[in-house]
Amino acid sequence: MRNVGKFMIAVAVGVSLTACANSEQASTQPPGDATVSAKARPTSSSAAAPTTVAPSATKQQGGGAECSVDDVLVEGAAGSKPKITIPPACGAPTGLQSKDLIEGTGPEVKPGVTMDTHYVLVTWSDRQEKDSSWDSGQPFPLENVGQAQVIAGWNEGLTGMKQGGRRLLVVPPDKGYGARGNTSIAPNETLVFVIDAVKVS
């Protein structure tokens, strides 16, 4: 989880929305939050409901026709670290996609809430795991969901989850680290997360 903090936090850009509307908005480097390490953290951006993009015939990162969130295989029981397998025959989706793998029954994630999460991150281009809170055994805390100091894909993609739930998120570069990348994340990388809502308050 400390690793997540390292690489998921991104700089909150103090510029007008029009100036921030370019694809590098969520890719700025972290200011060095002392509460987390500098490895793989999501970045802040405006909150909006995740959109599901239908597969298309265009070529994408990874080759082939565009995948959908349904093409990504996730294995593992509730309460344990999941394994993510990205299909080799299709390319990365171009929009933010989400899918609830386990429906939670507790409080709902709404803008402004605080939550503890467990997550695994795999990068689309090389299909390698880059970070996981499960490895440290400590959940990753997230404050003020919707405007948290994490990537836009998290701020937008976690809304609507419930405590106890597990969600698959496929985050395109413009809602991740963009053209600049971050630490062990390559530029223009698509990110695949499985996120558990451990506690919502």
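The values are calculated or read from the model by the stated rules, or taken from the named source; none is laboratory data. Remember, it's a predicted structure, so these values are computed and weren't measured experimentally. Glycine gets a Cβ as well: all are built from the backbone with ideal geometry, and neighbour counts include every protein chain shown.
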Exercise for review: Check Val145, Val170 and return the single one that is of a type in the set (A, V, I, L, M), in contact with a Gly (Cβ under 9 Å, 6 or more places away or on another chain) and within 14 Å of Gln97 (Cβ to Cβ).
Suggested key: Val170
Revision key, fill the gap. Within region 164-192, the residues that are buried (at least 19 other Cβ atoms within 10 Å of the Cβ) and closer than 23 Å to Ala78 by Cα are Gly165, Arg166, Arg167, Leu168, Leu169, Val170, Val171, Leu191, Val192
**Study point:** Single residue of Val150, Val145, Val170 found to be touching a helix residue (DSSP H, G or I) at 6+ places or on another chain (Cβ under 6 Å) and farther than 22 Å from Lys83 by Cβ
**Key:** Val150
Point to revise | Residue match in region 151-170 (condition: among the polar types (S, T, N, Q) and either modelled with pLDDT under 95 or touching a Ser or Thr at 6+ places or on another chain (Cβ under 7 Å) (or both)) | key: yes
**Study point:** Answer residue from region 103-122, given it is among the aliphatic types (A, V, I, L, M) and in contact with an Asp or Glu (Cβ under 8 Å, 6 or more places away or on another chain) and is surrounded by the most Cβ atoms within 10 Å (Cβ to Cβ) among those
**Key:** Leu121
Check your understanding: Hey, does region 186-201 have a residue that's at positive phi, touching a helix residue (DSSP H, G or I) at 6+ places or on another chain (Cβ under 7 Å) and modelled with pLDDT of 95 or more?
Key -> yes
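On the given criteria, is Asp135 within 17 Å of Lys83 (Cα to Cα), surrounded by fewer than 18 Cβ atoms within 10 Å (Cβ to Cβ) and in contact with a helix residue (DSSP H, G or I) (Cβ under 8 Å, 6 or more places away or on another chain)?
Judged against the criteria, Asp135 is a match.
Condition check ((1) in contact (Cβ under 8 Å) with a residue 12 or more places away in the chain; (2) under 11 Å from the mean Cα position of the chain (by Cα); (3) part of a loop (DSSP other than H, G, I, E, B)) across all residues:
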position	(1), (2), (3)
Ser98	yes, yes, no
Gly104	yes, no, yes
Gly112	yes, no, yes
His118	yes, no, no
Ser125	yes, no, yes
Trp134	yes, no, no
Gly146	yes, no, yes
Gly153	yes, yes, no
